[in-house]
Structures are given as structure tokens and as C-alpha cells.
Amino acid sequence: MKRICSLVLALCLLVPSGASAADLLIAQAANFTPVMKEIIPAFEKATGLTAQATYASTGKLYGQIVNDAPFDIFLAADEKRPNKLHADGLAEKPFIYAMGQVVLWSADKGFCGEDWKATVLSPAVKRVAVANTETAPYGTSAMKAMQKVGVWDKVQPKLVFGQSISQTFQFASTGSADVGFCAYSSVFTDEGRKGCFVVVDQAPPVIQAACVLKSASHPDAAAKFVEFLSSPEVQAMKLKYGYK
Amino acid sequence: MDWTPLILSAKLAFWTMLLIPVVASPLASLLAFGRFRGKSLLDAVITLPMVMPPTVLGFALLVVMGPRGFMGGLWEDLTGNRLVFSFAGILMASLVFNLPFAVQPLRASLEKLDPRLLESAAVLGLSPLSAFFRIVLPNCLGGLAAASILVFAHSLGEFGVILMVGGSIPGQTQVASVAIFEAVEALRFDDAFRMSAALIPVCFVVLLIINKINARRS
């Protein structure tokens, strides 16, 4: 018994140290998670290198990076944070790796008429979920669309704010909010397929930028990864999950 | 600086503190004096919100309190309003996650109560109601005060559950902790600092006042 216990303990101690010895450490904004989970194995197969990603919100990852987190490359959900890192001399010049689209999603199939303005103004829609318009890029984009078509002031009393685009989708998918301004990519999840959506054409595309960090301990692997991101293979994966 | 989130937090903490004895007292006396099968089961269920991650509890409440959940559906039938994303909603959530923090001290003080006191009261002809007001309540004031302090302080700082069921509506559900979190996320560190700095003396003063009341009583 004692021997088994000590064996298990030894294994527990050994496993994490083995797993963290990757050739490339990626800080990935959480909205891109499903795509990254396909990109990493493909990258590993193509290059023979190992990569490991940490998924969190752009703001949190940014906070970790300014505090010397050991990442090599930062793939954000906006342009602001990579630009700021570059301006502060912490990162190389940012580049765009994906573009997202805002859709109006609902668990109720009656709320997906072609005219999304009429839907959000309809008295049957009591609550409209949107991501934080200040911190979440999808929230900013949705706000701009509503301002562009002149419904922003009227919809305001119905708005509830998610901290991230995934929480916004959660509000809509549990039915707590009747409709939600979500990411096109959430339509491709299991939960997303259960509802319906209409594309919000007036919403500007959500530009996601990335940057290689100056503190990167694996700059060569990072350069290879940047190159791999623009390969046709990755393009196809992005399309599959609703990114351009 | 915008004081709304801080005032809202204080309002939520105050109402939670006021309403929680109504829910917690019967449960605490049931656990202290009751002898029935499944008592430890009830105990575990009440203590659950203390152990569960706030996000898990928050998600469960979001489902139950949503218009398709049984609590949210009932509420919408009765009042015509939606329960989630409203002050009533976060107050209800606050009562749920504060329950163990109120039940435990109350139960402890009830269990310390000498049963002979109640027996003598009954022998001397005191009705159960007046026995409650003249014996149980004065003897349990300490426990009640301890419960209030814990509940008030705890709901002033609660974050995860309210984030999940609140929807961060300014003036209705955007409490101080959520507003501070958003300010940090938006890199508005000055705002976050000011709100945090304002919250500390508020908490401190509240605790001082409650401690003073306690000292005078005992």
C-alpha cells in the first residue's frame, strides 16, 4: 500500500513538470480557443516543435505580460492591447491574425428576423445582452452598429452587460436575455447550433491582433508560428469557426 | 468619481443583512433542536454555497432564476418583471450565498442555550412565543450580531455570483466589486484605485459601529 502511494505521489510530481517543457508558450485570448486547439496540433505536426497555450481574457493576459509572464507570443482579441505593448517597448510590431463578426443570436427561433433593428426594439424582447462596450471588442462593435442605425438610445434600458463575449452568449443561451450580440464564432459551438442568428452587417469587423514579445525565450519558434498562422491550412480552420 | 456602485453595494449589504434572519433563523433552530432523519443532509445543503466556487453557484442561479427556470418563471408570473438582471435578483442571490454565513453562528449560539432555562420558563407558565422573545432572543443576540457582521461584510465584497446573475447594469446591478473589476479591465487604474480606497474606510466604519453596538449590549 505504502509503495503504491509513494508511486502515485511520484507520478503526480513528475507529470506537470514534464508537460510544461514546451518549445513555444502562447497567450491566447479565450474567444479564439476552439481554433487554437486545432492550430496547435497542426503546427506541432508541421514543425516538430511543441506548443502550449494559456487561454484567458485579453485584459488578464495583458496584465500578466506586463508583470513578466513567460509567454513568447500574445494573440489578443483586440488591437489596443498589442499596440500598447509595442508602444511600451515590450513587443514587436503587432499584426492582424483574425477578424470576427458580430451576430444577433437567440435561443428563441422567433427572434431571428432579417431586420435585427426591429427585433431589438420589439416589446417582446425584454432583455438584450451585449459584451462590455468599453473592454470587450465585440461589445464596442455592437454598440457602433446600434449607434449607426440609430437604435442605441432606445435599446439602452434593455441592455445587460456580459464581462466577455462568452458571458454574453451565456446570458442569451440560458434565455435570461432574449437576444444577445454575440460572436459569429459562437454560432459554431454545440450550444450555438441550438439557437438562431442574423449577421449584424453594420457592425465593424472585430480586429484581433497578435504580437511576439520582446522577452520571448523561444523567438525562433515564435517566428515559425507567426509564419504558420498565415498558411492556407490555418485560413481554412479560421473560416470553419467563423473568423476571416 | 461615480458613487453609484458603492451606494448600490451598501444597499445590497443592508437589505441582505435585514432579510437574512427571516430565512436563517428557522433553519438554524431546526438544525440546533430538530431530531429528524436527513439532518446532516440538510446541513450539507445549507453549507454548500460556502464551498462551491462562486461562478458555479452563479451559473446555477442564472439557470434557475432565468425566465425558463422555476424561480424566474414564478417571479415573472407573479410580478411581470424578469428576476435576473434586477436588484431583486441579486438580492435573492445574495441571500442564497450568505445563508451558511448566517446559519452557522446562529446555530452555534442556539446550541449553547441551556435547555433548563426553557424548561423553567415552561414550568413557570411562559408561552412559547414570550419564551422566545424573553429568553431565546436575548441569549442569542451575540450570535445574531456575529451573523450580521459576517453577512454584511461578505455581501459588500461579493463578486463572482453577482457578476453571473447581475448583468452589470449601472444603478441596478453594477455593485462596487464589479465596477472595480471593469475599471481594471479597461485599464482605468485611477478609477479602480479611488473606488477601492473609498470601499476600505466604508467597511472599516461599518465594522466599528457594529462592534460598538455589540460591546454595549454585552
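Before moving on, here are some points about what is shown:
- Within region B:39-68, the set of residues being within 14 Å of chain A (Cβ to nearest Cβ) and part of a helix (DSSP H, G or I) comprises B:P54, B:T55, B:V56, B:G58, B:F59, B:A60, B:L61, B:L62, B:V63, B:V64, B:M65.
Conditions (1) hydroxyl-bearing (S, T, Y); (2) modelled with pLDDT of 95 or more; (3) surrounded by fewer than 18 Cβ atoms within 10 Å (Cβ to Cβ); (4) over 22 Å from A:A27 (Cα atoms), marked per residue:
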residue	(1), (2), (3), (4)
A:E114	no, no, yes, yes
A:S141	yes, no, no, yes
A:Q170	no, no, no, yes
A:A177	no, no, no, yes
A:E191	no, no, yes, yes
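- Those helices (runs of 4 or more DSSP H) of region B:101-218 in which at least 1 residues are exposed (fewer than 15 other Cβ atoms within 10 Å of the Cβ), considering only elements entirely within it, cover B:115-123, B:128-131, B:137-157, B:189-217.
- Against the numbered list (1) within 25 Å of A:K109 (Cβ to Cβ); (2) outside any strand (DSSP E or B); (3) more than 14 Å from chain B (Cβ to nearest Cβ), A:Q170 comes up short only at (3).
- Scanning region A:64-112 for residues that are polar (S, T, N, Q) and modelled with pLDDT of 90 or more yields A:N83, A:Q101, A:S106.
- In the condition set (1) outside any helix (DSSP H, G or I); (2) within 17 Å of B:V161 (Cβ to Cβ), B:F36 is compliant with all but (2).
- Matching residues in region A:193-238 - criterion: being in a helix (DSSP H, G or I) and more than 21 Å from A:I26 (Cβ to Cβ): A:R193
- Residue match in region A:205-217 (condition: within 14 Å of chain B (Cβ to nearest Cβ) and of a type in the set (S, T, N, Q)): no
- Only one of B:A186, B:A108, B:A197 that is free of Cβ contacts under 8 Å to residues at least 12 places away in the same chain and within 25 Å of the chain's Cα centre (by Cα): B:A197
- Residue satisfying condition, being touching a residue at least 24 places away in the same chain (Cβ under 8 Å) and within 29 Å of A:V234 (Cα to Cα), within set A:L61, A:L121: A:L61
- Being farther than 15 Å from A:F228 by Cβ, surrounded by fewer than 16 Cβ atoms within 10 Å (Cβ to Cβ) and over 22 Å from the mean Cα position of the chain (by Cα) is not true of A:A46.
- Looking only at region A:143-165, residues that are at pLDDT below 90 and either more than 12 Å from every other protein chain (Cβ to nearest Cβ) or over 24 Å from B:F189 (Cα atoms) (or both) come to 1 in all.
- Yes/no for B:F85 being within 14 Å of chain A (Cβ to nearest Cβ), under 22 Å from the mean Cα position of the chain (by Cα) and surrounded by fewer than 21 Cβ atoms within 10 Å (Cβ to Cβ): no
The values are calculated or read from the model by the stated rules, or taken from the named source; none is laboratory data. All values derive from a computational prediction rather than experimental measurement. As a convention, Cβ positions derive from the backbone with ideal geometry for all residues, glycine included, and neighbour counts pool all protein chains shown.
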